[in-house]
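Colleague: One structure, as structure tokens, below. Some questions next.
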Amino acid sequence: MKILFYNPWPNQNKWILSIKKKFVGYQIYTLKDKFKFEDIECAIIWNLPDNIFKKLSRLKVIFSLGAGVDHILKLPSYKDTPIFRIKDTNMSKRMFNHILSQVLYYQLKLKKFENGKIKKQWLEEEETLLNQQITIGILGAGFLGNEVGKNLKKLNYNIIGYKNSKNNTKIPFEVFTKNQIDIFLKKSDIIVSILPATLATNNFIDKTFLQKMKRQGLLINVGRGNSINEKHLIKHLIKHKDFYVSLDVFKNEPLTKNHKFWDLPNVTITPHIAAVTDIESSVNYIFKRINSIKKVKKIKSEVNLKKGY
Ligand code: OXD
């Protein structure tokens, strides 16, 4: 099987070395190699430009190098080639660590002290909430959301989830669905959004959503930037100084220098690093998947192409 590998990341050489080492017997190409585009059957990619993608006329399967697949679905030349995405527990462990750090930062009021330091203020001590006094709502309880929720639950936080549709997968906490969003918002002190980028999630977190959240709450977004109406969020943050957000993803990345988010004291910004893809375990995962796919006649997409995740 001839495979094209592409990502624009600074560590791409590490990826290529790891793939070539694991995929013995396969022909692996990068854009630097000589090959015929029409011979490629499998593409392992992140943000492949459409002018390249459209030349892969005999592609049978695509692997996304991350949890999200929006970078593939939005390609103008993409039709319906089956897509697989990385479902890796190392990735969910990293995401869990990131979320826990933001939960504790808020819970222990560290942002307030950090802002106090800038003004050289010695702030009064205050009692902080214990884990069991906090309810964390996981918005988008899919693979990553379940793993994160499960691990937060082990630390005694109360965990609830929200999912567009309830399916049969076992989720180890209470899950609310469509017409129950208000209950979900009312119960949650902290909301962690892991929503994928789809038409249905566009600006899902808007003025109405924010108004229903707790006034002194925390919103963490590690899903996709499309789900937040940024103008509405900025207004909300200016009006409610004790409402905090921790944003890892944005409508446009990198965030431009003149974006209002940088100036607001109740915003924490990280540059899309909540769940960096783990090279070794992801390469092993893709290798296993490709070996099992090779045996089937018709490859069934793991990603629901209609729903977009
Ligand atoms: C993503 C990822 O999909 O980092 O954003 O994996």
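The values are calculated or read from the model by the stated rules, or taken from the named source; none is laboratory data. All values reported here derive from a predicted model rather than from experimental measurement. Cβ placement follows ideal geometry from the backbone for every residue including glycine, while neighbour counts extend to all protein chains displayed. Side chains are part of the model used for accessible areas, which takes the heavy atoms of the whole protein and leaves out ligands, DNA and RNA. Shrake-Rupley method; radii C 1.70, N 1.55, O 1.52, S 1.80 Å.
Colleague: Give SER292, SER281 a once-over and let me know the one that is under 22 Å from ILE45 (Cβ atoms), without any contact (Cβ under 8 Å) to a residue 24 or more places away in the chain, open to solvent by 20 Å² or more (accessible area, probe 1.4 Å) and not hydrophobic (A, V, I, L, M, F, W, C).
Modeller: The unique qualifying residue is SER292.
Colleague: Residues that are of a type in the set (Lys, Arg), on the phi < 0 side of the Ramachandran plot and modelled with pLDDT under 95: does the range 150-166 have at least one?
Modeller: Yes, the range 150-166 has at least one match.
Colleague: Which members of the range 270-307 meet the condition of being touching a helix residue (DSSP H, G or I) at 6+ places or on another chain (Cβ under 9 Å), polar (S, T, N, Q) and more than 15 Å from the ligand (Cβ to nearest atom)?
Modeller: ASN284
A quick yes/no check of all residues on (1) open to solvent by 10 Å² or more (accessible area, probe 1.4 Å); (2) at pLDDT 95 or above:
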position	(1), (2)
ALA200	yes, no
GLY223	no, yes
LYS231	yes, yes
ILE234	yes, yes
LYS239	yes, yes
ILE269	yes, yes
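Colleague: Return the residues of the range 22-49 that are farther than 24 Å from SER301 by Cβ and touching a residue at least 24 places away in the same chain (Cβ under 8 Å); say none if nothing qualifies.
Modeller: Scanning the range 22-49 gives THR30, LEU31, PHE35.
Colleague: Also, quick follow-up: Is it the case, given these coordinates, that LEU264 is in contact with a strand residue (DSSP E or B) (Cβ under 8 Å, 6 or more places away or on another chain) and either away from the ligand (no atom under 14 Å from the Cβ) or within 25 Å of ASN304 (Cα to Cα) (or both)?
Modeller: no
Colleague: Taking GLU126 and the conditions (1) modelled with pLDDT of 95 or more; (2) open to solvent by 60 Å² or more (accessible area, probe 1.4 Å); (3) of a type outside the set (Lys, Arg), which numbered condition does it fall short on, given that it satisfies the others?
Modeller: Only one criterion in (1) modelled with pLDDT of 95 or more; (2) open to solvent by 60 Å² or more (accessible area, probe 1.4 Å); (3) of a type outside the set (Lys, Arg) is unmet by GLU126, namely (1).
Colleague: Can you pull out the residues in the range 39-87 that are within 12 Å of the ligand (Cβ to nearest atom), open to solvent by less than 30 Å² (accessible area, probe 1.4 Å) and of a type in the set (S, T, N, Q)?
Modeller: Of everything in the range 39-87, just one residue is within 12 Å of the ligand (Cβ to nearest atom), open to solvent by less than 30 Å² (accessible area, probe 1.4 Å) and of a type in the set (S, T, N, Q), namely SER64.
Colleague: Among the residues of the range 88-123, write down those that are charged (D, E, K, R), open to solvent by 80 Å² or more (accessible area, probe 1.4 Å) and either within 16 Å of the ligand (Cβ to nearest atom) or touching a residue at least 60 places away in the same chain (Cβ under 8 Å) (or both).
Modeller: Within the range 88-123, LYS93, ARG94 meet the criteria.
Colleague: Looking only at the range 112-141, which residues are under 30 Å from LYS166 (Cβ atoms) and assigned to a helix (DSSP H, G or I)?
Modeller: Once the filter is applied, which keeps residues that are under 30 Å from LYS166 (Cβ atoms) and assigned to a helix (DSSP H, G or I), the range 112-141 yields ASN131, GLN132, GLN133.
Colleague: (1) within 19 Å of TYR162 (Cα to Cα); (2) in contact with a strand residue (DSSP E or B) (Cβ under 9 Å, 6 or more places away or on another chain); (3) open to solvent by 10 Å² or more (accessible area, probe 1.4 Å): which one isn't true of LYS212, the others all being true?
Modeller: Here LYS212 meets the rest and fails (2).
Colleague: Continuing with the same structure: Which residue is farthest from HIS71 (Cα to Cα), if the candidates are limited to the range 218-259 and must be polar (S, T, N, Q) and within 16 Å of the ligand (Cβ to nearest atom)?
Modeller: SER246
Colleague: Inspect the range 144-153 for any residue being open to solvent by less than 10 Å² (accessible area, probe 1.4 Å), under 30 Å from ILE183 (Cβ atoms) and within 16 Å of the ligand (Cβ to nearest atom) and give the result as yes or no.
Modeller: yes
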